[in-house]
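See below for the structure under consideration.
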Amino acid sequence: MPKTNKSGREVPMVPKANFTSYYGNPIVKAAPWGKDIPAYLFLGGLAGASSLLALGAEVTGNNILRRNCKFTAVGAIGASYLALIHDLGKPSRFVNMLRVAKPTSPMSVGTWIITFYGPAAGFSAASELRHLVNSKRISSLLKLINKPAMIGAATLAPALSSYTAVLLGNTATPAWHSGFKEMPFVFVGSSALAAGGMGMLTSPVSQSAIARRFAVAGVATELFAIKKMEESMGLVSETLNSGTAGQLLKASKILSISGLIGTLLIAPKSRLGSIASGAALVLSSICTRFGIFEAGQASSRDPKYTVMPQKSSNS
Amino acid sequence: MKLQFREPGINPAVLSGWEDAPPRKGFFTDTSICIGCKACEVACKEWNHVPEDGLEWLGTSYDNTGSLGASTWRHVAFIEQPIAKPASENGIASNGSANPDFRWLMSSDVCKHCTEAGCLDVCPTGALFRTEFGTVVVQDDICNGCGYCVPACPFGVIDRRDGSDSAKNVGIAQKCTLCYDRIGAGMTPACAQACPTESIQFGDLDELRVRAQERIELLHQQGNKSARLYGEDPNDGIGGAGAIFLLLDEPEVYGLPPNPVVTTRDLPEMWKRAGAAALALIVGLAAASLKR
């Protein structure tokens, strides 16, 4: 694929984007990750924010919402484990993640978060089923661990929902690194709107006022943060608006805004409206995570996004 | 979090806890005397038993190797760069004379063995480690192929090996080891040993830096103004490379990043931002939970 900027190349719309690349080849390498990783970005965020929402539901006495949030959390973290192990080059060695604890590796930090969060979310959800258990001993044991597990999961949840932005940010992938200041806010916003949406989707209208408010706060945070992120990314922000990433992030915006309108206007009155709004929000979060993932991959493939910001920081 | 490795000029092996570490070892690749023979590529493959990774015609001058990767630990770049034709004499074009209208740029690229190595920082298993020679090496019996080092490298060097499950180390991150086995036995790495022009020089990094400085001054004296050193500055964005280069043009011409910075330097700030976002999530939930 011979490609030079000497001839036959479109004139770039970006000022001063002329430099000589090595046959247009990428400089940095795109992460060798499949769809498992953006799926995990969504699922991990959903799990974390759902554990928080479960605590909120407990405090406000919305027992059905609490139970459903716990089930969402445990399902999402379970699927996360599978996705993360599946994406390894050597899945049989996943346990090697536990050899070390390294603050310089966001993946190591994340491993320890999910290692403790998963069982907490699991026991917390299991205790919701204690009435179905015949054995009295197991039932009372589940009751005993209910609160510690729920609080433990909720304590780790904010870290689970935000650290994945650092995971992406601490790479030479231009679109991920250049947005590191705002991406944690994009991700917690996306987590909150997904968990709120899932709460609205699964729980009766009368129980889910807190889920709706959580979702609204999430949409507002995400939309504001992604706009700020685009501004600080400079030239690299092109990757958020073009190609697959552009389409996904546009879909995400349409879904979150329509989900927001639905949450405010229809969801408090109609079960069906609540389901539709919740589903839109959950889908929006999926699109956001896949969109940001794809923007990063696209930014790695074009040497322009590696070279140009470095050249301007040079002078 | 204090990042103690940000002190320029310090042997990273010592910072990693090696006691009585030998002098830091490295490469000086002087591209001005590279003849593009690819002996380094071949020697590396043979010594390190690196599998074949595609015999394609790439249409990029004499470079059918493409780029560094899991199964390419030395890569010779070829650029046929047009230059202004020498002035014609008496109206006769000088085309075909002893002065060609282009120049060869040939450069054997390799892992930089950074002082501040992004791949090493992000590795979650400890498979990547700093050797006593100050180099960065993957332990292939530890790596679980998470792939995080791949986007973390600002030079695009390390990669996860693809291929059939029966091939060696498939699914595992791979890159140059600076021939850890050979240098441990007091030998020269395979590529430098095979280089017929001493374009690739191996030795104590301090000494190589002096040699590089002498060479660049000589080239500048001879009027080669575009010659420059790459990776030799301990104050650059990676704390200086263990493999330094003498280039004849801008780094990006050779497919090298012009001013790479290890992203770990921003990590304390990143954790702070994530902490603030986590707090915002808690505040959001608390606000949503308030009885109205």
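Structure notes:
- Single residue of B:285, B:267, B:279 found to be within 14 Å of chain A (Cβ to nearest Cβ), of a type outside the set (Asp, Glu), outside any strand (DSSP E or B) and surrounded by fewer than 18 Cβ atoms within 10 Å (Cβ to Cβ): B:279
- When A:214, A:185 are checked against the criterion of being within 11 Å of the chain's Cα centre (by Cα), in contact (Cβ under 8 Å) with a residue 24 or more places away in the chain and facing another protein chain (nearest Cβ under 8 Å), a single residue qualifies: A:185.
- Note on segment B:54-73: among residues that are more than 13 Å from every other protein chain (Cβ to nearest Cβ) and surrounded by fewer than 18 Cβ atoms within 10 Å (Cβ to Cβ), the one that is modelled with the highest pLDDT is B:55.
- Unmet requirement for residue A:141, which otherwise passes all of (1) of a type outside the set (Ser, Thr, Tyr); (2) at pLDDT below 95; (3) under 19 Å from residue A:65 (Cα atoms): (3)
- Any hit, segment B:250-264, residues being charged (D, E, K, R), in contact (Cβ under 8 Å) with a residue 24 or more places away in the chain and either crowded, with 23+ Cβ neighbours inside 10 Å or assigned to a helix (DSSP H, G or I) (or both): no
- Residue match in segment B:232-242 (condition: under 14 Å from the mean Cα position of the chain (by Cα), assigned to a loop (DSSP other than H, G, I, E, B) and at the interface with chain A (Cβ under 9 Å from one of its Cβ atoms)): yes
- Selection within segment A:225-254 - without any contact (Cβ under 8 Å) to a residue 12 or more places away in the chain and within 16 Å of the chain's Cα centre (by Cα): none
- When the test is whether a residue is at pLDDT 95 or above and out of contact with any Leu (no Cβ under 8 Å at 6 or more places or on another chain), residue A:162 does not pass it.
- Restricting attention to segment B:117-130, the residues that are part of a loop (DSSP other than H, G, I, E, B) and more than 10 Å from every other protein chain (Cβ to nearest Cβ) total 1.
- Selection from segment B:162-180 of residues that are assigned to a loop (DSSP other than H, G, I, E, B), more than 8 Å from every other protein chain (Cβ to nearest Cβ) and out of contact with any helix residue (DSSP H, G or I) (no Cβ under 6 Å at 6 or more places or on another chain): B:162, B:163, B:164, B:165, B:166, B:167, B:168, B:169, B:175, B:176, B:177, B:178
- Taking segment A:266-307 as the range and being of a type in the set (A, V, I, L, M, F, W, C), within 14 Å of chain B (Cβ to nearest Cβ) and touching a Phe, Trp or Tyr at 6+ places or on another chain (Cβ under 7 Å) as the test, only A:307 passes.
- In this structure, residue A:56 qualifies as at the interface with another protein chain (Cβ under 8 Å from one of its Cβ atoms), in contact (Cβ under 8 Å) with a residue 24 or more places away in the chain and not aromatic (Phe, Trp, Tyr).
- Segment B:214-236 residues that are over 17 Å from residue B:254 (Cβ atoms), paired with ones that are at pLDDT 95 or above and assigned to a loop (DSSP other than H, G, I, E, B) (beta carbon under 8 Å, 6 or more apart): B:220/B:227; B:233/B:240; B:234/B:115; B:234/B:240
- Looking only at segment A:43-100, and only at residues there that are among the basic types (Lys, Arg) and assigned to a helix (DSSP H, G or I), the one that is farthest from residue A:282 (Cα to Cα): A:99
The values are calculated or read from the model by the stated rules, or taken from the named source; none is laboratory data. Only a predicted model underlies this, so the values are computations on that prediction, with no experimental measurement involved. Methodologically, a virtual Cβ is constructed for each residue, glycine included, from the backbone with ideal geometry; neighbour enumeration extends over all protein chains shown.
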